[in-house]
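**Student:** Can you read through this structure? Questions will come right after.
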Amino acid sequence: MHPTVGVGGVVVHDGRVLLIRRGKEPLRGRWVVPGGTVELGETLEAALVREVREETGIVVRPLELMTVFDRIERAATGVAYHYVIVDYRCAFVSGALEAGTDAQEAAWVAEDDLERYDLPGLALELVRRAFRAGT
């Protein structure tokens, strides 16, 4: 088993951030920024654009790298999973919101409504940074 590379996109458009409720592990049922895993031969940015489109119907353009972090889940028998996640701030390009692939739901969420979505700590921090950046 090796770490898996994942990407996430923080998209703020018209005063709202794009969020999904995950449909599978890790974090099944939690609201997070859209994203997923990088396929062999795919660049980080191409994977990000593909994953956001598959999960939400929204086309984005990566603007800047926001953070890189590990999400490691340990089990009694060893490591259950290990993701290295690369999150980008993105610009909205086009599309109509529709939950797809791994997303149970997708939503555009105003900053004042974020607390109702119980985002993981780092995701909430990144979303707030993106709101301050204005895109």
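The values are calculated or read from the model by the stated rules, or taken from the named source; none is laboratory data. All values reported here derive from a predicted model rather than from experimental measurement. With ideal geometry, Cβ positions are generated from the backbone for all residues, glycine too; neighbour counts draw on all protein chains shown.
**Student:** Is there any pair linking a residue in region 122-135 that is at positive phi to one that is in a helix (DSSP H, G or I) and surrounded by fewer than 17 Cβ atoms within 10 Å (Cβ to Cβ), with Cβ under 8 Å and at least six apart or on different chains, and which?
**Tutor:** Listed pairs, sorted by first residue: none to list.
**Student:** Test ALA80 against the stated conditions and say whether it is farther than 21 Å from THR4 by Cα, part of a strand (DSSP E or B) and aliphatic (A, V, I, L, M).
**Tutor:** On the way: farther than 21 Å from THR4 by Cα: no; part of a strand (DSSP E or B): yes; aliphatic (A, V, I, L, M): yes.
So ALA80 does not fit the description; no.
**Student:** Now for a separate question. For region 37-82, which residues satisfy the criterion of being at pLDDT below 95 and among the aromatic types (Phe, Trp, Tyr)?
**Tutor:** TYR81
**Student:** Return the residues of region 32-53 that are over 9 Å from the mean Cα position of the chain (by Cα) and hydrophobic (A, V, I, L, M, F, W, C); say none if nothing qualifies.
**Tutor:** The answer is VAL38, LEU40, LEU44, ALA46, ALA47, VAL49.
**Student:** Restricting attention to region 9-42, report how many residues are touching a Pro at 6+ places or on another chain (Cβ under 8 Å), under 22 Å from ASP112 (Cα atoms) and of a type outside the set (Lys, Arg). It would help to see each step written out before you state the result.
**Tutor:** Within region 9-42, the subset touching a Pro at 6+ places or on another chain (Cβ under 8 Å) is 9, 11, 18-20, 27, 30, 32.
Within this subset, residues satisfying the condition of being under 22 Å from ASP112 (Cα atoms) are 9, 11, 18-20, 30, 32.
Now drop any that are not of a type outside the set (Lys, Arg), which leaves 9, 11, 18-20, 32.
Number of matching residues: 6.
**Student:** Follow-up. Looking for whichever is more than 17 Å from LEU126 (Cβ to Cβ) and not hydrophobic (A, V, I, L, M, F, W, C) here; the options are GLY9, GLY36, GLY23. Which one fits? Give the derivation first.
**Tutor:** Working: GLY9 fails: more than 17 Å from LEU126 (Cβ to Cβ); GLY36 fails: more than 17 Å from LEU126 (Cβ to Cβ).
Among GLY9, GLY36, GLY23, only GLY23 is more than 17 Å from LEU126 (Cβ to Cβ) and not hydrophobic (A, V, I, L, M, F, W, C).
**Student:** Output yes when any residue across region 90-99 is of a type in the set (Ser, Thr, Tyr) and either at pLDDT below 95 or surrounded by 15 or more Cβ atoms within 10 Å (Cβ to Cβ) (or both), and no when none is.
**Tutor:** Keep residues of region 90-99 that are of a type in the set (Ser, Thr, Tyr), which gives 94.
Narrowing the set further to residues that are either at pLDDT below 95 or surrounded by 15 or more Cβ atoms within 10 Å (Cβ to Cβ) (or both) leaves none.
Scanning region 90-99 turns up no residue that is of a type in the set (Ser, Thr, Tyr) and either at pLDDT below 95 or surrounded by 15 or more Cβ atoms within 10 Å (Cβ to Cβ) (or both).
**Student:** Go through region 26-61 and report how many residues are part of a strand (DSSP E or B) and surrounded by fewer than 18 Cβ atoms within 10 Å (Cβ to Cβ).
**Tutor:** Within region 26-61, the subset part of a strand (DSSP E or B) is 31-32, 35-37, 58-61.
Among the residues that remain, those that are also surrounded by fewer than 18 Cβ atoms within 10 Å (Cβ to Cβ) are: 37, 59, 61.
Number satisfying all stated conditions: 3.
**Student:** Taking region 67-115 as the search range and keeping residues that are within 16 Å of the chain's Cα centre (by Cα) and polar (S, T, N, Q), which one is farthest from ARG132 (Cα to Cα)? Outline the logic, then answer.
**Tutor:** Taking region 67-115 and keeping what is within 16 Å of the chain's Cα centre (by Cα), we get 67-71, 83-92, 97-109, 114.
Within this subset, residues satisfying the condition of being polar (S, T, N, Q) are 67, 101, 104.
Numbers: THR67: 16, THR101: 30, GLN104: 28 Å.
Restricting to residues being within 16 Å of the chain's Cα centre (by Cα) and polar (S, T, N, Q), the top hit is THR101.
**Student:** Which residue out of GLU45, GLU51, GLU73 is more than 22 Å from ALA106 (Cβ to Cβ), free of Cβ contacts under 8 Å to residues at least 60 places away in the same chain, touching a Pro at 6+ places or on another chain (Cβ under 7 Å) and not basic (Lys, Arg)?
**Tutor:** On the way: GLU45 fails: more than 22 Å from ALA106 (Cβ to Cβ); GLU51 fails: more than 22 Å from ALA106 (Cβ to Cβ).
Unique residue meeting the criteria: GLU73.
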